[in-house]
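These notes concern the structure reproduced below.
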Amino acid sequence: MHYPFAEVESRWQQHWEEEQTFATPVAPGADKYYVLEMFPYPSGRLHMGHCRVYSIGDALARFLRMNGKKVLHPMGFDAFGLPAENAAILHKVHPSQWTERCIDDMKAQFKMMGFSLDWDREAVTCRPDYYHWNQWLFLKMMERGLVYKKAAAINWCVSCNTVLANEQVEQGACWRCKNPVEVKNLEQWFFKITDYAEQLLADLDKLNDWPESVKTMQRNWIGRSEGAVVRFKLLPKEFAPGMPVDDAQTSQLPDVEIFTTRPDTLFGVTFMVFAPEHPRVTELVEGTPRDAEVKAYVQKAKQEDRFLRTAADREKEGCFIGRYAVNPLNGDVVPIYIANFVLMEYGTGAIMAVPAHDQRDFEFATKYDIPVRMVIAPPDDADAIAGSDEARAQASAALKAAYVEPGVMVGSGAFNGRPSEEAKGAIAEYLEERGFGKRTIQFKLRDWLISRQRFWGTPIPIVYCPACGTVPVAESDLPIRLPENAVFSGSGNPLAAVDEFVNAKCPKCAGPARRETDTMDTFVDSSWYFLRYCDPHNTSLPFSRENGDAWMAVDQYIGGIEHAILHLLYARFFTKVLRDLGLVDCDEPFERLLAQGMVTNTFVDKATGQNAVDENGLLKYAKMSKSLGNGVDPIDIIKRYGADTARLFILFASPAEKELEWNENGVDGCSRFLNRVWRLALMLEPQVRKVLSTGENLSDGVSAGAADEATREMIFMTHRTLQRVAVEIGERHHFNTAIAAVMEFQNALYSYVTKSGEAADPKVTTFALRVLLLSLFPFAPHIASELWRVSGFTGRLDDQRYPAHNPSALVRSEVEVVLQVNGKIRSKIMVSAEATDEQLREAALADEKVQATLAGREPKKVIVVKGRLVNLVG
């Protein structure tokens, strides 16, 4: 008889919804556990990536409830963004209507998967009851000086007609539409995330249960650098090489500031480089013979992707601007260039170039025939190189690549002979004492640009008044709602074309004003949604302090590694701001982070029309995507096999952190396993109901010490399964090995009852079936719940506690020992668990298969691993 999954799953899903089985406890106390998966964009259909992340979270949530935890497991939708606006243009419908329709479709699919979600706590970011609090938080951050507006060189996606943050530019293209990104200047709103740079960096050390790779990516993005700002003097336009440089006059010249992490290399500077976007470039070349050439290069550089052009393997190129600067340390005059490998947003937008000790500088100097001057020598060569200027010149000329390791200072005046690491601090101190610079700490992290020139996002609560200037909207006027009558033509910002929205009253003077028509970056929405789940129906605050403190921090957060920088950094920033606003007590939002792997599948090579293969002829796998046409519809799998089978395969096929290679045979195998469980439980039903009808406490079987060997083995397997499942799910989150243990246990139980027949202990069998269903429940809740009911166990399976294993049941009188000859398995024997090494050796030598392999030879060495194996060597 096959498991009737369609009927069973539908019935239990209806039961769970009617009974509100997954409602969150109001006062969790010390037993709280907050399980959260990253919420989805409401595209209208679940994909296998969704199914994987939510199956992981659901298995954990269900198991934690079985272990007495009061679990918060909510769901919502990250519902603002360009796809809905693009759909509105295509289908001539308002984005809200399109989005709400997609949300309804996806909620139905979530329920088809049987996920144990508390839908009463749903948060949908495009609804006014949510984005009201985005606007409120914007105003609170503005009060604290964390919001400002300025003109900025921004990433502009022509296709999406909007600004992109640096993090949203991937390989020079928009992260959403994949079209090229340009650079242009616009007035933009920013959040001062840089005020929290030190905290964001330092607190990574608190996150002991985050993947190290994610923390490394965040450290690199924040990019803390200790170094010095050095002031070079800018020589006048009239200066030409060979002209005398008067120290007294030089002191009156304007400065050019550079930031360097290598003050120890200052004596080796042979040129300076500005970013093409540097605001002083135009001023520096105005009216000079190089004016046109430099401006043409600047325009060319601005069209290039700023991240690709700085790649290590990109050719370094640039343009001499015809100006010179003076090195404050040794008075050297150095030429100034602009080049593709320097960006305005890092440091000061200008660098000192030391080709002997920086590879980018070396490549540029080689191309443009700029001198290379070694000032740090390898320790073993230091004496020879320091011997004379000629020796140093020869060593510099002999360089095939920059020398970037620590060494000994040479050609560096009073600092000669010092270790270069020591000289960093000494030279920085020297610069400070003479007013040539100062030690400082800089960050690669830049403030978060949140302005978006789109409709479908949170309106920024600002008006522009001719009399009062830029004025924040009063809190009592929130939320500022998106209009229902916008027209979506595909060009420009629809919000700016709605007069009823744009025309407003000034909150200060009540005079006419214009409303801000930019909307917020959708990453604002996802930067605090996990807090709204704590108190989703609050109409006075985004959430109460009481409810926030009761549930935060999230105990287990689950989502893709692709969010390591974008979302996770912003969520950490928002949590710290909200802490400082007195709204929550925690420093970090997520205690533990599980970054699940992608779901991949084979795909067709468009050139051959056949499945793509690698150089060894093996099938290639790639992330499921529309572009490759290798996606698998979860609904199709549910209709063919059932939700339990889909969940089971997703969790069994690969460790959660690794890629999952889709395999239809594996799905079929999981379906066959569930059918075996179904038939086994129905076979045992009469016996189990008879045991349960006695009303006796169901023994765990350990007391059956005098039972036969098969029963003792069944007791052992039952308690070993309890132990393994508890460890693999609860401690290690290794769902695949937990499922493997359940499969092994099902086989053991079937073998016991079929081989033992009437000799099978009915109480041991009943307890074993109970453990099987409890262990299966987190992964396949529909079939487990149905068989629990059919078998006659009392209460709802959802309300059961997971039994603790009995350690005494895991003590065996006999153990299986593997016998090897020269490392190859030749036999297995059962021996006393207390057997000595000598007894194990004798038993191995007496084994017939071992004797046949040895053929009369005496082993040279016998290796004994007590209770596990004997290896006869020689």
Fill in the blank from the handout: Result of the Cβ filter at 8 Å on the stretch 1-23, keeping first residues that are in contact (Cβ under 8 Å) with a residue 40 or more places away in the chain and of a type outside the set (A, V, I, L, M) and partners that are exposed (fewer than 15 other Cβ atoms within 10 Å of the Cβ) and in a loop (DSSP other than H, G, I, E, B), at least 6 apart or interchain, is THR21/ARG796
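Yes/no matrix, rows are residues, columns are (1) assigned to a loop (DSSP other than H, G, I, E, B); (2) of a type in the set (A, V, I, L, M, F, W, C):
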{"residue": "ALA646", "(1), (2)": "no, yes"}
{"residue": "LYS658", "(1), (2)": "yes, no"}
{"residue": "ASN665", "(1), (2)": "no, no"}
{"residue": "CYS670", "(1), (2)": "no, yes"}
{"residue": "PHE673", "(1), (2)": "no, yes"}
{"residue": "ALA681", "(1), (2)": "no, yes"}
{"residue": "LEU684", "(1), (2)": "no, yes"}
{"residue": "GLN687", "(1), (2)": "no, no"}
{"residue": "LEU692", "(1), (2)": "no, yes"}
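Of everything in the stretch 24-48, what is assigned to a helix (DSSP H, G or I), in contact (Cβ under 8 Å) with a residue 40 or more places away in the chain and among the hydrophobic types (A, V, I, L, M, F, W, C)? Give them in sequence order.
MET48
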Fill in the blank from the handout: From the option list GLU709, GLU696, GLU657, single residue qualifying as surrounded by fewer than 21 Cβ atoms within 10 Å (Cβ to Cβ), at pLDDT below 95, of a type in the set (D, E, K, R) and closer than 30 Å to GLY559 by Cα is GLU657
Fill in the blank from the handout: Taking the stretch 204-222 and the residues there that are charged (D, E, K, R) and touching a helix residue (DSSP H, G or I) at 6+ places or on another chain (Cβ under 8 Å), the one that is surrounded by the fewest Cβ atoms within 10 Å (Cβ to Cβ) would be ARG219
Practice task
Scan the stretch 628-646 and report the pairs whose first residue is touching a residue at least 24 places away in the same chain (Cβ under 8 Å) and more than 21 Å from ASP105 (Cα to Cα) and whose second residue is part of a loop (DSSP other than H, G, I, E, B) and of a type outside the set (Val, Ile, Thr), with Cβ atoms within less than 6 Å and a gap of 6+ or a chain change.
Solution key: LEU628/PHE603; ASN630/PHE603; ASN630/MET624
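Determine which member of the set THR250, THR265, THR260 is at pLDDT 95 or above, touching a strand residue (DSSP E or B) at 6+ places or on another chain (Cβ under 6 Å), under 15 Å from ASN327 (Cα atoms) and among the polar types (S, T, N, Q).
THR260
The rows are residues; the columns are (1) surrounded by fewer than 20 Cβ atoms within 10 Å (Cβ to Cβ); (2) in contact with a helix residue (DSSP H, G or I) (Cβ under 9 Å, 6 or more places away or on another chain); (3) touching a residue at least 24 places away in the same chain (Cβ under 8 Å).
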position	(1), (2), (3)
LYS140	yes, yes, yes
GLU143	yes, no, no
ALA151	yes, no, yes
VAL183	yes, yes, yes
GLN188	no, no, yes
THR194	yes, no, yes
Practice task
Look through the stretch 815-833, keep the residues that are in contact (Cβ under 8 Å) with a residue 12 or more places away in the chain and β-branched (Val, Ile, Thr), and return whichever of them is nearest to LEU872 (Cα to Cα).
Solution key: VAL821
Handout entry: Condition check for PRO289: over 20 Å from PHE341 (Cβ atoms), assigned by TED's automatic domain parsing to the domain that holds ALA339 and not in a helix (DSSP H, G or I)
Key = yes
Exercise for the section: Identify the residue in the stretch 194-244 that is outside any strand (DSSP E or B) and among the basic types (Lys, Arg) and, among all such residues, is farthest from LEU594 (Cα to Cα). Expected result: LYS237
Practice task
Determine which member of the set GLU858, GLU834, GLU816 is among the acidic types (Asp, Glu) and over 18 Å from ARG712 (Cα atoms).
Solution key: GLU858
Practice task
Could you please tell me which pairs satisfy a Cβ distance under 7 Å, a separation of 6+ or placement on different chains, a first residue in the stretch 732-750 that is in a helix (DSSP H, G or I), and a second residue that is among the acidic types (Asp, Glu) and surrounded by 18 or more Cβ atoms within 10 Å (Cβ to Cβ)?
Solution key: THR737/GLU728; ALA738/GLU728; ALA741/GLU728
Completion exercise
Listed by range, strands (runs of 3 or more DSSP E) wholly within the stretch 314-363 having at least 1 residues that are on the phi < 0 side of the Ramachandran plot and charged (D, E, K, R) are 318-326
Problem - Yes/no for PHE239 being of a type in the set (Phe, Trp, Tyr), touching a residue at least 12 places away in the same chain (Cβ under 8 Å), farther than 22 Å from LEU566 by Cα and surrounded by fewer than 20 Cβ atoms within 10 Å (Cβ to Cβ) - result: yes
Problem - Pick from the stretch 755-796, criterion basic (Lys, Arg), in a helix (DSSP H, G or I) and touching a residue at least 40 places away in the same chain (Cβ under 8 Å), ranking: farthest from TRP12 (Cα to Cα) - result: LYS755
Handout entry: VAL811 vs. criteria of a type in the set (Val, Ile, Thr), farther than 30 Å from ILE783 by Cα and touching a residue at least 24 places away in the same chain (Cβ under 8 Å)
Key = no
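Can you pull out the helices (runs of 4 or more DSSP H) entirely within the stretch 522-572 that have at least 2 residues that are within 18 Å of PHE190 (Cα to Cα) and modelled with pLDDT of 95 or more?
Filter on the stretch 522-572 gives 522-525.
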Completion exercise
Filter the stretch 87-135 for residues that are among the small types (Gly, Ala, Ser) and surrounded by fewer than 18 Cβ atoms within 10 Å (Cβ to Cβ); the one that is farthest from MET75 (Cα to Cα) is SER96
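The values are calculated or read from the model by the stated rules, or taken from the named source; none is laboratory data. What you see is a predicted model; the values in this text were computed from it and never measured. Glycine gets a Cβ as well: all are built from the backbone with ideal geometry, and neighbour counts include every protein chain shown.
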